[in-house]
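Report on the following structure.
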Amino acid sequence: MIGGAASGKSRFAEKIINDSGLSKVYIATAQVWDDEMRTKIEQHKARRSGWRELEAPMDLPGALAGIAAGEAALLDCLTLWLTNHLLAGSDIDAQTDRLCTALAGCTGPVVVVSNEVGQGIVPDNALSRRFREAQGRVNQRVAAQADKVTAVIAGLPLVLKGAP
């Protein structure tokens, strides 16, 4: 699931998991840095009553390994995971390799949410440009191995890969 900020991608991804008929798992990558983020996280949690939650701001492979047969997982979101690793000085290529290996090993469905950040202006600072380029590469790698890729714009899905 890919789209811009506030495009409706998380709600659309939640609907897919809710409609799966499987036990629901939410893999959260967000960290509370300020009151605004705290409020956003609380809003997301309120929509997911009855979901098992795994907090994985850095270790997505570890969280994915904890998904059992009969569960469907929503990983929300790659953008915050990447931000966490960039700020920590991690080797992004190595972390992406680990993530892709973990996704390939999942026994149940995983819906991955990520932001599309390459459609705007060129950022004016080096860290933002590095982030934009890294996000584009991560999105391409995850999309390449996904069975289905859907862009969400204004709450409307557009299937980019796979059956509608």
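The values are calculated or read from the model by the stated rules, or taken from the named source; none is laboratory data. Note that the structure is a prediction, hence the values are computed from the model and not measured. Ideal geometry is used to build each Cβ from the backbone, glycine not excepted, and the neighbour counts take in all protein chains shown. Calculation scope for accessible area: heavy atoms of the full protein, side chains included, ligands and nucleic acids excluded. Shrake-Rupley method; radii C 1.70, N 1.55, O 1.52, S 1.80 Å.
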Exercise. To the nearest 10 degrees, how steep is helix 92-104 against the longest Cα principal axis of the chain, on a 0 to 90 scale?
Worked result: 20
For this session: Relative to the longest principal axis of the C-alpha atoms of the chain, give the angle of the C-alpha long axis of helix 9-19, reported between 0 and 90° and rounded to the nearest 10°.
Result: 20
For this session: Would you calculate the separation in nanometres between label points at ALA126 and ALA88, each defined as 7 Å from the Cα along the Cα-to-beta-carbon direction?
Result: 2.3
Problem set entry | Solvent exposure of segment 1-151 as accessible area per residue, Å², 1.4 Å probe | 52
Problem set entry | Span from the segment 1-58 Cα centroid across to the segment 129-153 one, whole angstrom | 18
Exercise. Counting each DSSP H run of 4 or more residues in the chain as -39500 (n - 2.57), what helix-only mean residue ellipticity at 222 nm follows after dividing by all residues, to the nearest 500 deg cm²/dmol?
Worked result: -14000 deg cm²/dmol
Seminar exercise, completed: In vacuo Debye sum over C-alpha of segment 39-91, base-10 log of normalised intensity I(q)/I(0) at q = 0.18, 0.28 Å⁻¹, listed in q order, is -0.70, -1.21
Seminar exercise, completed: Given Cβ charges of +1 for Lys and Arg and -1 for Asp and Glu, the option among ALA72, GLN95, ASN18 whose Cα lies farthest towards the positive end of the dipole of the chain is ASN18
Exercise. Mind listing the Cα extents of segment 97-164 along all three principal axes, in Å, largest one first?
Worked result: 41, 31, 15
For this session: State which entries of LYS40/LYS148; LYS9/LYS45; LYS45/LYS161; LYS9/LYS40; LYS24/LYS161 exceed 18 angstrom in Cα-Cα distance in the structure shown.
Result: LYS40/LYS148; LYS45/LYS161; LYS24/LYS161
For this session: Just the number, please: Stokes-Einstein D of segment 1-72 in µm²/s, Kirkwood Rh from C-alpha pairs, 25 °C, 0.890 mPa s.
Result: 185
For this session: Provide Rg over Rh for segment 3-147; use the alpha carbon set for both Rg and the Kirkwood Rh (inverse mean inverse pair distance).
Result: 0.95
Exercise. What residue among LEU86, LEU103, LEU74 shows peak mean-square fluctuation when the chain is described by a Gaussian network model with Cα springs under 10 Å?
Worked result: LEU86
Exercise. In debye, nearest 20: dipole of segment 34-110 around its Cα centre with unit charges on the Cβ of K, R (+) and D, E (-)?
Worked result: 320
Exercise. Hey, got the dipole for the chain? About the Cα centre, +1 on K and R Cβ, -1 on D and E Cβ, debye to the nearest 20?
Worked result: 380
